[in-house]
Amino acid sequence: MLSKDIKFKNFNIKSSSKKIKNDLYKILKEDNEILNSLRPTYKYSYNKKLIKKLKKENVLSIIGMGGSVLGTQAIYHFLKHKIKKTINFHDNLESNLKIDQKNINIIVSKSGNTLETITNANLLLKKKCQNIFITESKNSYLRSLALKIKAEIIDHNNFIGGRYSVLSEVGMLPAELMGLNEKKFKQLNNLIKNKNFINLLITNVSSTLSFIKNKKLNSIILNYDSYSDNLFKWYQQLLAESLGKKGKGILPTISSMPKDNHSLMQLYLDGPKNNFFTFFYAKEKNTLKINNKEIIQSHKYLQNKTLEKIKFSQKIATENVFLRKQIPFRSFEILNKDEKSLGDLFCFFILETILLGRALNVNPYDQPSVELIKKETKKILI
């Protein structure tokens, strides 16, 4: 078990892990604002009175790009069964933009100068709406806009980059407005006391480094829970943008299961051996059941089977085939979807990524080449 609500099977390979263990304990001792945001003692820059004032509103729109919005999307979709509000996300340049005058609008950009966010803010925002800007305290376009329209401004932590910001103001303000308990997400202190969690994390990172050494550079997520797609889009950015430097990195891709059994699975099973896999399954309650008296004899075994039972059986069957073919994989099974289990996953993936960055000798906190495209775009527009 990774934690109380998460069953975890690690990659079935042996690899050295002593250095990773030392790196982990060094990281945990550092004064690191990213890790601080995973703890319940983290100090938010927003006032709880704001939450109380706005919590009764039923429609929330979030404008942002990349890490400024992906974590919040992961929270909303993973925990949608607990949320009674309508949340709209504007995370790309689209021509069919529409905003309700009664919305609460949260505009998120660490730098305050993200082109797509500036564009959408100019197209969407109305002065009479309740507008909240989350951005750094330094001068920027969005901060100036917020001051001009007399909007609420919440300071983005200068030391937490977008893709690591999910448990800071960036993700927790919207989470609270969704009616979720932000304290339950903060699991780092509990997890690092759990020897099993630490051992699984270390051996997982060690195995991944072994794959990289052997030119297995494609991390393919076989996702059996559609409500977790956005969690893995968040993870995709976290892994790709943190490690993709100096000619190094891992390419994370997401497969929708069991649908992709009928399109990509042949390649995964018999194609190039440069992949390693993550199976992800979340237990569902009260799913549909086949109860059809007209079902033909050859498929009587499906009678009274739930949708969950069928999907879970496909996942186990696929794992069995992977084992026979000696294809490396790890497996997550979520027993209960709530703030705590999602907080456990955020902690695991963030620690995993930072440790991989240390081991690969790359800075997991910057994204220098992305800045080149921003500068080039500005030159063209000017």
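The values are calculated or read from the model by the stated rules, or taken from the named source; none is laboratory data. None of the values given here were measured: they were computed from a predicted structure. Reconstructed Cβ throughout: ideal geometry from the backbone, glycine too, with neighbour counts over all protein chains shown.
Of everything in the range 2-36, what is of a type in the set (D, E, K, R) and in contact with an Asp or Glu (Cβ under 9 Å, 6 or more places away or on another chain)? Give them in sequence order.
K4, D5, K7, K9
Looking at L267, L288, which one is surrounded by fewer than 18 Cβ atoms within 10 Å (Cβ to Cβ), in the same structural domain as D225 (by TED's automatic domain parsing) and over 24 Å from F11 (Cα atoms)? Lay out the reasoning, then the answer.
Values: L267 fails: over 24 Å from F11 (Cα atoms).
Just one listed residue meets the conditions, L288.
Those residues that are modelled with pLDDT of 90 or more, in a helix (DSSP H, G or I), among the acidic types (D, E) and closer than 17 Å to G161 by Cα, I need them from the range 347-376; list them, please.
Within the range 347-376, just E352 meets the criteria.
Each row is one residue, and each column tells you yes or no for (1) closer than 30 Å to R358 by Cα; (2) among the hydrophobic types (A, V, I, L, M, F, W, C); (3) crowded, with 18+ Cβ neighbours inside 10 Å.
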{"site": "L239", "(1), (2), (3)": "yes, yes, yes"}
{"site": "K245", "(1), (2), (3)": "yes, no, yes"}
{"site": "K248", "(1), (2), (3)": "yes, no, no"}
{"site": "T253", "(1), (2), (3)": "yes, no, no"}
{"site": "M257", "(1), (2), (3)": "no, yes, yes"}
{"site": "N261", "(1), (2), (3)": "no, no, no"}
{"site": "P272", "(1), (2), (3)": "yes, no, no"}
{"site": "F277", "(1), (2), (3)": "yes, yes, yes"}
{"site": "A282", "(1), (2), (3)": "no, yes, yes"}
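Can you work out which of the residues in the range 1-42 that are small (G, A, S) and assigned to a loop (DSSP other than H, G, I, E, B) is farthest from I221 (Cα to Cα)?
Per the criteria, the residue is S37.
Tell me which helices (runs of 4 or more DSSP H) are completely within the range 126-216 and hold 2 or more residues being of a type outside the set (D, E, K, R), or say none if there are none.
141-148, 169-177, 188-191, 195-213
Here's the yes/no breakdown for (1) in contact with a strand residue (DSSP E or B) (Cβ under 8 Å, 6 or more places away or on another chain); (2) outside the structural domain of D270 (by TED's automatic domain parsing); (3) surrounded by 14 or more Cβ atoms within 10 Å (Cβ to Cβ):
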site: N292; (1), (2), (3): no, no, no
site: Q297; (1), (2), (3): no, no, no
site: I327; (1), (2), (3): yes, no, yes
site: S341; (1), (2), (3): yes, no, yes
site: F346; (1), (2), (3): no, no, yes
site: F349; (1), (2), (3): no, no, yes
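Would it be correct to say that S109 is on the phi < 0 side of the Ramachandran plot, buried (at least 22 other Cβ atoms within 10 Å of the Cβ), in contact with a Leu (Cβ under 8 Å, 6 or more places away or on another chain) and not basic (K, R)? Steps first, please.
Numbers: on the phi < 0 side of the Ramachandran plot: yes; buried (at least 22 other Cβ atoms within 10 Å of the Cβ): yes; in contact with a Leu (Cβ under 8 Å, 6 or more places away or on another chain): yes; not basic (K, R): yes.
Against the criterion (on the phi < 0 side of the Ramachandran plot, buried (at least 22 other Cβ atoms within 10 Å of the Cβ), in contact with a Leu (Cβ under 8 Å, 6 or more places away or on another chain) and not basic (K, R)), S109 qualifies.
Tell me whether the range 195-202 contains one or more residues that are outside the structural domain of Y76 (by TED's automatic domain parsing), within 30 Å of T41 (Cβ to Cβ), modelled with pLDDT of 95 or more and under 18 Å from the mean Cα position of the chain (by Cα).
Yes, the range 195-202 contains at least one residue that is outside the structural domain of Y76 (by TED's automatic domain parsing), within 30 Å of T41 (Cβ to Cβ), modelled with pLDDT of 95 or more and under 18 Å from the mean Cα position of the chain (by Cα).
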